[in-house]
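The values are calculated or read from the model by the stated rules, or taken from the named source; none is laboratory data. Because the structure is a prediction, the values reported are computed rather than measured. Glycine also receives a Cβ, built like all others from the backbone with ideal geometry; neighbour counts cover every protein chain displayed. When the accessible area is computed, the model is the full protein with side chains, heavy atoms only, and any ligands, DNA or RNA have been set aside. Shrake-Rupley method; radii C 1.70, N 1.55, O 1.52, S 1.80 Å.
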Amino acid sequence: MLIAAFAAASMALVALVAGVVVVANTPQQRSSPGGTDLSAFRDQELLARPAPAEIDLVDHPLYDMTVPPPIDCDLPDLDVDSDESWEGFSRQAGDCLDELWAPVMEDLRLAPELPDVTVTDQGLDSDTDEAFTLAYYESDVATITVVLPNVREVSQVVPANEHEVVWLALMGHEYAHHVQNSTGILRVSHDLRRNAGSEDDELDTLRRTELQAECMAGIALRGIVGPESDTLDVVNRHFNDGGDLDTHGSATSRSQWLESGWDGGTVAGCNTYGADADQVG
């Protein structure tokens, strides 16, 4: 008696694996099914787990991309004292940034999860100056969070007619971290920081990551508000005119990288990882 059992291979790229078991009560000649023996065409390498992609922070395909074309973005007016207004403004800014960066992701053949955008009325627990965080990006849950108590405090020294563009710049910076995460850059940067041989090396990597995000914020600002505005001057005046930070770079470096993104024709202008140390100080 002949019992035939066929099992599909566990991986999609393997076409077919056939197994035949023969049980006989009396000796008999095994019949030949004829046709082609598919086992001769099996490639065991297809069963192997793919090797992880190598991410080169200095020579990354992202830098070959042209800056995304301008988009129409109808940002709502922002009432900095209203939680509801902050939520609406932040989410609309997030939607515009999704649209702006979509062509770059498509050209890189990436389809990342779009980030969630939220706000919180809880400040971060720290007394240090650098913990005065206006917003932050969480790569493990792909979420941008705006810290309302802090942005409201800063808003007190920002003219009302400049609120929208200043906080759009903040959103552009945090969204840039999502671009870094989607392209693998952020993961490698985190690994370099964890394995740094000294605090100076760790801070150097962190500054390169943050300054690249600032440069990409420049790309986003130009793409959303257009080049015929004083946006760059406004943002630099409020964020980059003073206050050197070990983690985010000097005021001069932040201003220069924001302008590099604003003026660049390709994302190569934001290659902070390939820049000399004095450019990311």
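Numbers below:
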quantity: Sole residue being of a type outside the set (D, E, K, R), modelled with pLDDT under 95 and under 30 Å from Ala277 (Cβ atoms), chosen from Pro68, Pro33, Pro61, Pro52; calculated: Pro52
quantity: Members of the stretch 57-74 that are open to solvent by 40 Å² or more (accessible area, probe 1.4 Å) and either over 30 Å from Thr205 (Cβ atoms) or not in a loop (DSSP other than H, G, I, E, B) (or both); calculated: Pro61, Asp64, Thr66, Pro69, Pro70, Asp72, Asp74
quantity: For Ala176: the one exception among (1) on the phi < 0 side of the Ramachandran plot; (2) more than 14 Å from the chain's Cα centre (by Cα); calculated: (2)
quantity: Selection within the stretch 90-104 - touching a Ser or Thr at 6+ places or on another chain (Cβ under 9 Å) and either assigned to a loop (DSSP other than H, G, I, E, B) or open to solvent by 20 Å² or more (accessible area, probe 1.4 Å) (or both); calculated: Arg91, Pro103
quantity: Pair list, Cβ under 9 Å, 6 or more apart: the stretch 126-144 residue part of a strand (DSSP E or B), other residue modelled with pLDDT under 95 and open to solvent by 30 Å² or more (accessible area, probe 1.4 Å); calculated: Tyr136/Leu124
